[in-house]
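Here the structure comes first, spelled out in structure tokens, and everything after it is commentary.
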Amino acid sequence: MRLATIHTWAGPRAAVQQADAFVDVHATDVHVPPSVRQILEAGPEMLALAQHAAERKDAVKYESGKVKFYAPVHDPRKIVCIGLNYKDHAAESGAPIPKEPILFSKYATALIGHNENIVIPPVSQEVDYEAELVVVIGKAGRHIPAAAALNHVAGYTVGHDVSARDWQLKKDGKQWMVGKTFDTFAPAGPVLVTKDEAPDPHKLAIKLRLNGQTMQDSNTNQLIFGVGEIVAYLSQVFTLEAGDLIYTGTPPGVGFAKKPPVFLKGGDVVEVEIEGLGVLRNPVVQG
């Protein structure tokens, strides 16, 4: 199943992709909650009901080409990110291979959807790009064993960890969270692909294109810490909840490591593509 959150006259609504359309499943069947997070919280039976609603002949549909997207989960309780999780990226950053996941977070105000604008803040001159696989939690849990971790995953989406390197790396103490949580710095989407359609998240090609030029080109088989390890590690610290988003790290090719460095500017267009999950496109504007 491919779930999205789309703009409608009634506000953000959970939608299921059906061929060349997106079905507003709550408008079709009021027993289905209006938000993707609420559908995930309700469990597998609600997901099945949403799929059934999407297949009805009287389904409320929006043409794919006319849909405006929010992030697939537009109201997550947590956005957690993993740093330096590809060996080659750690090397290009001049950092040692981490022995445990490096964590930081983003606020919900950073979250935007497919085709929404990334805004360059006036206070940063070094805004960078990072293609990322995003894990979406489907079942709450704490102290989750790694072997059972995928039971708590709803699926995956395409993410972009936009990063103000001058704030992240040049402030006292290296302010990772501050540099990565400016408004609009967490694009995600366009859809959440449930794990039955992406059974192995560790064998997916991942690419980033800047104005059509490929800047990052790797595979999730290069992750240092896999999805199960990450979920288990995080659950030692806090309860994972349905709809939580986990950005799993970026491969090599980021802008600040290039010679000369490449940073985002107004007028750019960034596309992140992950095999089987789709293409996340975001224009860049100057704030």
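The numbers here are math on the coordinates, done by the rules we state, and not lab data. This one's a predicted model, so the numbers in the text were calculated from it and none came from an experiment. Glycine gets a Cβ as well: all are built from the backbone with ideal geometry, and neighbour counts include every protein chain shown.
Between HIS31 and ASN211, the FRET efficiency estimated from the beta carbon spacing at R0 = 41 angstrom works out to 0.35. May I ask for the angle, rounded to the nearest 10°, between helix 44-54 and the longest principal axis of the chain, with both axes built from Cα atoms and the value confined to 0 to 90°? Approximately 70 degrees, to the nearest ten.
Which whole-number percent of Cα pairs in the chain have a distance greater than 37 Å? Tail of P(r) above 37 Å: 10 percent of Cα pairs. Here the Gaussian network model covers the chain, with springs between Cα atoms less than 10 Å apart; of ASP20, ASP88, ASP161, ASP20 fluctuates the most. The Cα center of the range 179-214 and the Cα center of the range 237-287 differ in position by 7 Å. Relative to the Cα centre, the charge distribution of the range 79-286, modelled as +1 at Lys and Arg Cβ and -1 at Asp and Glu Cβ, gives a dipole magnitude of about 360 debye. Could you check which residue among GLN213, GLN125, GLN17 shows the biggest mean-square fluctuation in a GNM of the chain with a 10 Å Cα cutoff? Result for the chain, Cα springs under 10 Å: GLN213 fluctuates most. Rounded to the nearest 20 debye, the dipole magnitude of the range 31-93 is 180 debye, with +1 charges on Lys and Arg beta carbons, -1 on Asp and Glu beta carbons, and the Cα centre as origin. At an R0 of 30 angstrom, the distance between the Cβ atoms of ASN221 and VAL285 translates into a FRET efficiency of 0.30.
Between LYS174 and GLU100, full extension at 0.36 nm per residue minus the direct alpha carbon distance yields a gain of 24.8 nm. Toward the positive end of the charge dipole of the range 79-286, with +1 on the Cβ of Lys and Arg and -1 on the Cβ of Asp and Glu, the farthest Cα among PHE238, THR109, PHE256 is that of PHE256.
Taking the chain as a Gaussian network of alpha-carbon nodes connected by springs under 10 Å, the highest mean-square fluctuation of the residues PRO251, PRO145, PRO34 belongs to PRO145.
Ranked highest first by average number of other Cβ atoms within 10 Å, how do 91-104, 185-198 line up?
185-198, 91-104
Sort out for me the Cα centre separation of the range 89-167 from the range 1-73, rounded to whole Å. For the range 89-167 versus the range 1-73, the Cα centre distance is 25 Å. Remark on THR184: its backbone amide H falls under 5 Å from those of ALA110, LEU111, a criterion applied only to residues 5 or more positions apart or on other chains, H modelled at 1.01 Å from N.
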